[in-house]
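The values are calculated or read from the model by the stated rules, or taken from the named source; none is laboratory data. Worth saying up front: this structure is predicted, and the values here are computed from it rather than measured. Glycine also receives a Cβ, built like all others from the backbone with ideal geometry; neighbour counts cover every protein chain displayed. The accessibility values were calculated without ligands, DNA or RNA, using every heavy atom of the protein model including side chains. Shrake-Rupley method; radii C 1.70, N 1.55, O 1.52, S 1.80 Å.
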Amino acid sequence: MSVLFDNPVQPVLEMPADLLRWQRSAAMADTAARWRIYLHQLGLAALMAWCQEEFNGPVLPWPHAAPFDIWHVVDGLALQLGQARIVVMLSETIHATELQVPQEWVDLRGWCADYYLAAHVDVDDGQLVLWGYTTHAQLKSQGIYNATARTYTLKETDLIQDLAVFWVAQQLVQPTDLPSAPLVELPNAQAKSLIQSLAHAPDPRLALPFEQWGALFSDDHWRQQLYQQRHSLSIVSVEDWLNEIFDQGWQPIQTLHPPFALANFRSNADGVAVLTCGKKICLNTAWDELLLMFSVDIEANKHRNIRIQLHSANKSLLPNNLILALQMSETGELLKTVKAGMQDAFIQIPAFRCLAGQRLRVHIQLTDSVCQEDFIS
């Protein structure tokens with residue numbers, strides 16, 4: 001069980017320390033971002049378990065399983081409960097007397113929540129206490145807006161503190177369309193310039209007018225780019241490839257590999273790949289270079305159809321037991337793995353679909369030699 005029933009109306013959730021989750025964030029030089037990401041990972045695990053026990057429907061983290069690209073600068077973790085969205089604010093303050101929510105979760109189109117929950121976290125005791133909640137309408141109408149910090153604050157006395165009522169509300173109330181101001185469109189050149197300007201800003205969310213910041217931060221691609229820029233992460237993006245921006249050894253496949261391989265390298269969407277590119281991979285073994293190849297189809301609904309293949313660069317057979325795997329970048333979760341046999345000229349990850357902005361990792365391994373390539377779909 002994830003719930004300790006010390007107070008049935010204000011659940012106390014188990015939130016044990018987790019070395020693996022700490023290691024995922026420990027590479028970050030920014031100590032504040034490192035701790036915020038670790039704390040939110042622990043909180044998300046505890047809240048997912050609680051919601052799955054209490055809610056008779058699908059429970060999903062939003063916008064994806066490990067939104068480090070949000071948490072490194074903005075507090076708050078979001079969950080999708082069926083058609084409703086909640087945002088939980090974590091605080092280490094022992095005797096919190098208010099709920100404070102960053103403006104991003106209240107005013108950005110597509111980010112607003114139906115409900116906002118206040119939680120106290122105690123890492124030493126391994127506990128998360130849920131002590132109150134409110135609705136979007138109440139937060140906007142009764143909350144105090146701080147223009148300097150860009151937050152909405154609601155006093156403890158204005159919150160509903162019986163969390164049992166929250167679950168009753170989920171069964172009786174249907175979520176409604178939440179009002180939000182339209183965002184400005186940022187040209188590519190301007191967005192890139194803003195990201196450069198925010199690379200070393202002490203608090204990037206306050207360094208720009210909210211309209212500009214909101215447009216930049218709510219865009220999956222630019223938000224990932226900001227995250228990478230501020231934390232010196234080595235990762236490539238399908239969006240850059242579509243704009244003919246190739247770096248870190250990646251090239252359009254026609255310039256990297258003879259055409260003979262292309263006949264076997266087509267996606268499932270209409271039989272023609274919108275994008276094909278590749279990179280030569282050199283493992284620390286006596287084996288010759290390998291060729292990692294991507295085929296990507298872009299759909300109108302922002303989904304990607306992706307196929308990944310691994311070839312020998314000199315057209316010979318692959319070494320036996322060579323491993324090609326697909327993982328989630330942030331969590332390391334294994335999604336698919338294939339292994340070369342004695343007579344394989346190439347191996348491939350079966351074609352898969354995912355949303356734009358998904359962080360993924362290709363893992364290549366032969367005995368003890370490993371190569372990993374992170375990318376954003």
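The eigenvalues of the Cα gyration tensor, multiplied by 5 and square-rooted, give segment 76-199 an equivalent ellipsoid with semi-axes of 28, 19, 14 Å from largest to smallest. Pairs of Cα atoms in segment 31-100 fall into 5 Å distance bins, from 0 up to the last occupied one, in shares of 3, 16, 27, 23, 18, 10, 3, 0 percent. Other residues with beta-carbon under 11 Å from the beta-carbon of Gln225 carry, at +1 per Lys or Arg and -1 per Asp or Glu, a net charge of -2. Close amide H partners of Ser237, meaning residues 5 or more places away or on another chain with modelled amide H under 5 Å apart, are Ile376.
By a 1.4 Å probe calculation restricted to protein chains, Ser141 has an accessible surface near 90 Å², given to the nearest 10. Checking the cross-link pairs Lys280/Lys302; Lys140/Lys302; Lys302/Lys339; Lys192/Lys302; Lys192/Lys280; Lys280/Lys336 against a 24 Å limit on the alpha carbon distance flags Lys280/Lys302; Lys140/Lys302; Lys302/Lys339; Lys192/Lys280 as lying beyond it. Taking Cβ atoms as reference points and 15 Å as the exclusive limit, the residues near Ile245 contribute a net charge of -2, counting Lys and Arg as +1 and Asp and Glu as -1. As a fraction of the 1.4 Å probe accessible area of segment 40-113, surface on carbon and sulfur atoms comes out at 49 percent. Restricting segment 293-345 to GluC sites (Glu not before Pro) that sit in a DSSP loop and have at most 13 other Cβ atoms within 10 Å of their own Cβ leaves Glu299, Glu333. Rolling a 1.4 Å probe over the heavy atoms of the protein chains gives segment 26-133 an accessible area of 34 Å² per residue.
Spread over its residues, the convex hull of the C-alpha atoms of segment 288-377 is 88 Å³ per residue. Taken as Cα centroids, segment 190-241 and segment 296-311 sit 24 Å apart, rounded to the nearest whole angstrom. Over all other residues within a Cβ to Cβ distance under 12 Å of Glu92, the charged ones net out to -3, with Lys and Arg as +1 and Asp and Glu as -1. When +1 charges are put on Lys and Arg Cβ atoms and -1 charges on Asp and Glu Cβ atoms, the dipole computed for segment 54-157 relative to its Cα centre reaches about 500 debye. Restricting attention to segment 53-126, close to 60% of DSSP beta bridges with both partner residues there are antiparallel.
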